[in-house]
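A quick write-up on the structure given underneath.
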Amino acid sequence: MRIEFLIMSGIGVFFGIFAAYFAYLKKSPESKKAGWMWAIGSFLFCVIFFNVIMTFVDISNDNRKEEAFEVLDKQYKEQGDKENESLNNVRLSIKTDSQTKSISHYIYVGNYNNKRTYKGKVHVELVKDNEVVEEYTTKSITIKPGEKQEVTFFKGPRSYDSYRWEWEGTLR
């Protein structure tokens, strides 16, 4: 079970109990049954509300990841070196998420080599009008043969024309 789901469920339970308690206090002693109904309703509403938010976030993340992996596959088909084990077979994709206040750029990588593992860093540049508008270097990463993964994300500008990257490591 994902930690985000547990945290959001915990928040939902906390607010649900809080709302249920005050809903119960507002009811007169003669209407204890109505107070219990309000308490249970408030609790269920809060738990469901926070879980709907988490479901929306999960779907958005899954869609972004799927799109990034499709871009990696396409890059490999167009630019990969299918005959040799090389850095040309280690591909990178950036997907931008602007649903939050700040703009996050997620880095996805794929190693299309059959035998060699990439170990090192990757330096990424966002380019607009032929000028670098943002630079970012990842921490050390390891990508096994055939593996695709989300590496990290960084904050940056909302718009850019393209991106480029440079591998700072080796295939082993």
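Worth pointing out:
- Per-residue ³J(HN,Hα) for region 51-60, Karplus 6.51 cos²θ - 1.76 cosθ + 1.60, θ = phi - 60°, Hz, x for Gly and Pro: 6, 5, 4, 5, 5, 4, 5, 4, 5, 4
- For the pair ASP161 and LYS121 in one chain, pulling the backbone fully straight at 0.36 nm per residue adds 12.1 nm over the alpha carbon distance.
- Cα gyration tensor category, rounded, prolate or oblate, for region 83-171 with a/c compared to 1.5: prolate
- With both labels modelled 7 Å from their Cα along Cα-to-Cβ, the GLU78 to GLU131 distance reads 2.7 nm.
We did not get these values from a lab; they are worked out from the coordinates using the rules stated. Quick caveat: nothing in here was measured; it's all calculated off a predicted structure. Cβ: placed from backbone, ideal geometry, glycine included. Neighbour counts: every protein chain shown.
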